[in-house]
Amino acid sequence: MRKQLNFQQASLKQRNFKQLNHKQAGFTLIEIMVVVIILGILGALIVPNILGRTEETRITAAKSDIRAIGNALNLYRLDNFNYPSTDQGLEALTTKPAGFPEAKNWNPEGYLPKTPKDPWGNDYIYISPGNNGPYDLYSHGADGKEGGDETGKDILSWEL
C-alpha cells in the first residue's frame, strides 16, 4: 500500500510540474515590449541610412552598366573589326545590325541579352566614333539632362 501511495504522490508531483512548465511557456508582455522597442530603435537608426542611398546606388549601377556595355562593345569589335556606328547604336549588341559598317561576323547569340536602359529608365547615349575615344557612352544621370551636379551629374565612360 505504501508503494501505491508513493506512486500516486510521484504521479501527482509530475502532473503539477508539467502544469507549471506549461504555464511558463511563451513570452510575457514585458519581454515582447522590450523586443519591439529594440527593433524600433534599430529601425530608426538603420532605415534612414538605407533609404538615403538610393541615388548613390543608381549611380553605381549606371557605372557598372557602362563598363558592361563597354565590354560587350569590345567583343563586338573583336568579332566585326569595328564598333557599331552611331546609327546602328547599342541595338547592334542585341540584334544583327544593318548598314555600314557591316557586321560580317556578328555573334548569333548577341552580345547583351537586351538593349540596356540606365537606372532612371532612359536610353544610354552612344556615339561612334567618339570625341573621347573610339566611342562615347554615357548617361545624363537622375535629371536626364546634359551636365548637372551630384545625382544629376552625367556618368561618362571615359571618366570610369
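The values are calculated or read from the model by the stated rules, or taken from the named source; none is laboratory data. Quantities reported herein were computed from a predicted structural model and do not represent experimental measurements. Quick reminder, even Gly has a Cβ in these numbers, built from the backbone with ideal geometry, and neighbours come from all protein chains shown. Ligands, DNA and RNA are stripped out before the accessible areas are found, and what is left, the full protein with its side chains, is counted by its heavy atoms. Shrake-Rupley method; radii C 1.70, N 1.55, O 1.52, S 1.80 Å.
Compared with the direct C-alpha span, the chain from residue 37 to residue 74 gains 7.9 nm at full extension, assuming 0.36 nm per residue. Taking the Cα centroid of the range 142-160 and of the range 24-97, what is the distance between the two, rounded to the nearest whole Å? Rounded to whole Å, the Cα centres lie 18 Å apart. Averaging over all projection directions, the Cα-based convex hull of the range 49-90 occupies 3.5 nm² in the image plane.
Simple spin-label estimate for residue 115 and residue 149 gives 3.5 nm between the two label positions (7 Å along the Cα-to-Cβ direction from each Cα).
Note on the range 62-160: with neighbouring protein chains present and a 1.4 Å probe, carbon and sulfur make up 48 percent of its accessible heavy-atom surface. Charge tally around residue 88: other residues with Cβ under 11 Å, Lys/Arg +1 each, Asp/Glu -1 each, net -2.
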